[in-house]
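Please treat every number below as a calculation from the coordinates, not as lab data. Predicted, not measured: the structure shown is a model, and the values here were computed from it. A quick note on method: Cβ atoms are made from the backbone with ideal geometry, for glycine too, and the neighbour counts reach across all protein chains shown.
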Amino acid sequence: MSNPTYTVIFYLFAAITVCSAAFVVFTRNVIYSAFSLLFTFFGVAALYVFLSADFIAVTQVVVYVGGILVLLLFGVMFTNSIMQGQKSEVLHIIPGTLLLVGMIGAMLYTFYTTHGWMPSETTLQGSIVERIGFETMSRYVLPFEMVSILLLAALIGAAFLARFDKSSK
Amino acid sequence: MGNSLNAWSEALAGFYLFGLPLGLVIIAAIPLVFIALYSLTYGVYGERKISAFMQDRLGPMEVGKWGILQTIADILKLLQKEDIVPTSADKFLFVVGPGILFVGSFLAFAVLPFSPAFIGASLNVGLFYAIGIVAIEVVGILAAGWGSNNKWSLYGAVRSVAQIVSYEIPAAIALLCGAMMAGTLDMQKITMLQSGTYGFAHFYLFHSPIAWLPFLIYFIASLAEVNRAPFDIPEAESELVAGYFTEYSGMKFAVIFLAEYGSMFMVSAIISIVFLGGWNSPLPNLGAIALNDWTTGPVWGAFWIISKGFFFIFVQMWLRWTLPRLRVDQLMYLCWKVLTPFAFVSFVLTAIWEIYIP
């Protein structure tokens, strides 16, 4: 990571992530907020790549951009009177800033005192996908199956709720 | 061949000019130039000629001999057109939409091995990346459809997104069958595992008796993912004018079309890589006539993958003039009640074949 090219690209993606996340919060237009999330998710995926977590980066794009963001956009678009500013005019700048600074400071302090900023000694070797598949199917097989049952139940529930009701026709 | 793998792209990646990584930019520019050239020649001119011949017409004949210069004329016309943004459109999203759309279709080219010696990024999650990155295209379509502030555009965008998101599921499961046969998600490795002296007999399409099923499912699903006929209901010209790009003109329209041709080549290249051996030569060695050895190498590899891709694009154009358009409910029926169950069946059968029959 000492290569200056990587450093420049890293700061580029970090800037994209932070700026778009700030835009999501500060813009008054809900649609812009939702579209700006695309860049946030994309930037976070790029940051995962810098941590050698390619698989998680791609999963981030698939799940958050392909699933959650599209659902969010549909939800926002099908809401009535979306074009008028939906955000409240009431602003509590001073308590908000205090809360924000306090929380971030507390988190950073905890992180700093408990973990320390240690660069990882070992670099990842070989295919991460194989490791993930192996661990999922051996050590973490019970949580994996439980999550799949939970998702299946959610899917069936969603299909049942969205079903065309014959009796009310 | 092992030591020459990715030789070109690695040489380019190490190329610096004045301390700037110019080689990395060139690697990214090569697929871009390729998309532009192929859309110009084969995409626009080829599609017009092919559709004309299918309908027993002549197609463009006026500009140049056999109308060869027709595309150049079209491009000049598009460049000169006034850049119209409708007054009631959401200006920002209207302008950004085609850009996101094109970036989404272009990003997958990073992991396509164009030759044994050239690949943008030899990721170990290449195939997963290629099917996942389409999600960005979806957001671009929504931005274009919403930004146009036109009900036909919004209908087209919503239809297109529903279609792409649904057909991603059978497409991904079908490709998973190919990944199971290879045991890796690296596109370059998937291709290398299909090379051998018998040419086409090593391709995964002929690997197991069930392999034709995921191949067919992915081909059908990929047609829907790139909004081609018979799944072109997002732009259904008889109902929705032109779908999500109704309001676009000039260069923005050209960018949307470039994105469409880019995705067409992308899905054709993915199906060729996973099931038809990518850059491997399909010709077998016949005794002393070593056809396979003669037609293997970095340049031949580029030739084979591009011709395989072009063949599937030809099939896509052929189907466009053969099959009528589906209705929305038929589209969803086909996806959820036909393709997805058959994809699961082929998944289980491929798994059994891979585990018990070596």
Margin query: As a test of understanding, state the convex hull volume per residue of segment A:126-169 from its alpha carbons, in Å³.
Written below: 74
Next item on the list: Provide A:Val49, A:Val62, B:Val138 in ascending order of the number of other Cβ atoms located within 10 Å of each residue's Cβ, fewest first.
Entry: A:Val49, A:Val62, B:Val138
Next item on the list: State, to one decimal in nm, how far the label point of A:Phe50 lies from the label point of B:Ala7, with both points 7 Å from Cα in the Cβ direction.
Entry: 3.6
Next item on the list: For chain B, build the charge dipole from Cβ charges (+1 Lys, Arg; -1 Asp, Glu) around the Cα centre, then report which of B:Val85, B:Leu326, B:Ile357 sits farthest towards its positive end.
Entry: B:Leu326
Next item on the list: Using the charge dipole of the protein assembly as shown (Lys, Arg: +1 at Cβ; Asp, Glu: -1 at Cβ; taken about the Cα centre), state which of B:His207, B:Ile141, A:Phe164 has its Cα farthest towards the positive end.
Entry: A:Phe164
Item checked: Lys, Arg +1 and Asp, Glu -1 on Cβ, resulting dipole of segment A:126-169 about Cα centre, debye, nearest 20 -> 280
Check: In which sequence would B:Met187, B:Met251, B:Met192 go, from the one with the fewest C-beta neighbours within 10 Å to the one with the most?
Finding: B:Met251, B:Met192, B:Met187
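Taking the Cα centre as origin and putting +1 on Lys and Arg beta-carbons and -1 on Asp and Glu beta-carbons, what dipole magnitude results for the protein assembly as shown, to the nearest 20 debye? List each step's numbers first, then the result.
Values: 24 positive and 28 negative charges, 145 e Å.
Charge dipole of the protein assembly as shown: 700 debye, to the nearest 20.
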Checklist line | Other protein chain Cβ atoms within 10 Å, averaged over every residue that makes up B:133-145 | finding: 5
Check: With each label point set 7 Å from Cα along the Cα-Cβ vector, what nm distance links A:Ile68 and A:Phe23?
Finding: 1.9
Check: So what are the ³J(HN,Hα) numbers for segment A:132-147, from phi and the Karplus equation (6.51, -1.76, 1.60; θ = phi - 60°), rounded to whole Hz, Gly and Pro as x?
Finding: 4, x, 5, 5, 5, 8, 10, 6, 9, 5, 5, x, 4, 5, 5, 5
Next item on the list: Would you mind pulling out the separation of the Cα centroids of segment B:125-191 and segment A:147-165, in Å?
Entry: 23
Next item on the list: Round to the nearest 10 and give me the degree value, 0 to 90, for the angle of helix B:250-275's Cα axis relative to the longest principal axis of chain B.
Entry: 20
Item checked: Principal-axis tilt of helix B:298-320 within chain B, Cα atoms, nearest 10 degrees -> 50
Item checked: Angle in degrees between helix B:70-80 and the longest Cα principal axis of chain B, rounded to the nearest 10 -> 50
Check: GNM on chain B, C-alpha springs below 10 Å: top fluctuator among B:Gly67, B:Gly297, B:Gly140?
Finding: B:Gly67
Notebook entry, point to check: Going highest first, how would you order B:97-107, A:97-107, B:322-332 by mean Cβ packing within 10 Å?
Noted result: B:97-107, B:322-332, A:97-107
Next item on the list: Once you've got the GNM for chain B with C-alpha springs shorter than 10 Å, pick whichever of B:Trp336, B:Trp304, B:Trp66 has the biggest mean-square fluctuation.
Entry: B:Trp66
